[in-house]
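S.K.: Can you read through this structure? Questions will come right after.
Each value in this text was obtained by applying a stated rule to the coordinates, not by laboratory testing. Please read all numbers here as calculations on a predicted model, not as lab measurements. Here Cβ is always computed from backbone atoms with ideal geometry, including for glycine, and neighbour counts include all displayed protein chains.
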Amino acid sequence: MDKATNPWPVPVAVEDVPEAGLHVELEAPEAVRAALAPLGGLRELPELTAVFDVTRRGAGLRVLGRVKARVGQTCVVTLEPLENAVDEEVDLLFSPDVAAVPEAEGGHHQSIGHTADEDEGPEPLIGGAIDLGAIAGEFLMLGIDPYPRKPGAEFEAPARDDGTEHPFAALAALKKPSGEGK
């Protein structure tokens with residue numbers, strides 16, 4: 001998330017992380033939840049918490065933790081309100097030796113979505129700091145179900161009328177029977 005879309009800045013500088021590591025527990029205040037909800041297409045965001053363990057890795061940092069939330073959504077089938085849980089694991093490496101790719105070129109600002117185990121390598125450590133609020137917000141967005149459905153709700157196609165009228169009836173009438181005109 002860039003500064004314009006990050007309503008929850010929680011910066012942590014490398015020099016603020018002790019050798020033994022830093023444990024951070026965050027609970028998003030109401031104003032932050034209200035600002036994040038429309039970014040995720042949510043009706044509401046009644047709860048958002050994050051727990052992070054930040055440790056030094058050479059000149060960089062490793063962030064392990066979990067982002068949890070309760071999100072108010074709308075069922076894509078019934079259009080009724082529903083509430084879902086988000087529970088996303090976070091495992092990121094940040095390194096000052098990685099060049100940031102501008103977002104316009106498909107890069108990510110600082111933190112999105114790569115675990116430390118993936119082959120893509122670490123995220124860039126920009127300005128000697130990370131933003132735990134931005135990380136929490138991005139993992140919240142990753143965990144939101146884009147097509148939420150109430151339990152048991154299933155889409156049923158409208159019943160087809162047995163009459164001869166259908167959208168392509170006129171075209172079917174113009175079609176030559178097979179075998180003619182060959």
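S.K.: How far apart, in nanometres, would the label points at ASP16 and PHE168 be if each is projected 7 angstrom from Cα along the Cα-to-Cβ direction?
M.R.: 6.2 nm
S.K.: So if R0 is 22 Å, what FRET efficiency would ARG57 and ALA34 give, r being the distance between their Cβ atoms, rounded to the nearest 0.05? Mind showing how you got there, number by number?
M.R.: Details: r = 35 Å, r/R0 = 1.59.
E between ARG57 and ALA34, to the nearest 0.05, is 0.05.
S.K.: Output ³J(HN,Hα) for segment 11-22: one whole-Hz value per residue in order, computed from phi by the Karplus curve 6.51 cos²θ - 1.76 cosθ + 1.60 with θ = phi - 60°, and x for Gly and Pro.
M.R.: Taking θ as phi minus 60°, the curve returns x, 9, 7, 3, 5, 8, 9, x, 4, 6, x, 9 Hz for segment 11-22.
S.K.: Could you work out how much longer the chain between LYS175 and GLU44 gets when fully extended? Use 0.36 nm per residue separation minus the Cα distance between them, nm to one decimal.
M.R.: Gain in length upon complete extension: 41.8 nm.
S.K.: Take the alpha carbon gyration tensor of segment 1-50, find the square roots of its eigenvalues, order them as a ≥ b ≥ c, and report rounded if a/c is under 1.5; if not, report prolate when a/b exceeds b/c, else oblate. Please report the intermediate quantities before stating the final value.
M.R.: Values: a/c = 3.66, a/b = 2.00, b/c = 1.83.
Prolate, because a/c is 1.5 or more and a/b exceeds b/c.
S.K.: Can you run phi through the Karplus equation (6.51, -1.76, 1.60; θ = phi - 60°) for segment 39-47 and list ³J(HN,Hα) in whole Hz, with x for Gly and Pro?
M.R.: With the stated coefficients, segment 39-47 comes to 5, x, x, 9, 5, 7, 9, x, 8 Hz.
S.K.: Now a separate question. Would you work out if segment 47-104 is rounded, prolate or oblate? Take a ≥ b ≥ c from the square roots of the eigenvalues of the alpha-carbon gyration tensor; rounded if a/c is under 1.5, else prolate when a/b is larger than b/c, oblate otherwise. It would help to have the intermediate numbers written out before the result.
M.R.: Working: a/c = 5.24, a/b = 2.07, b/c = 2.53.
Oblate, because a/c is 1.5 or more while a/b does not exceed b/c.
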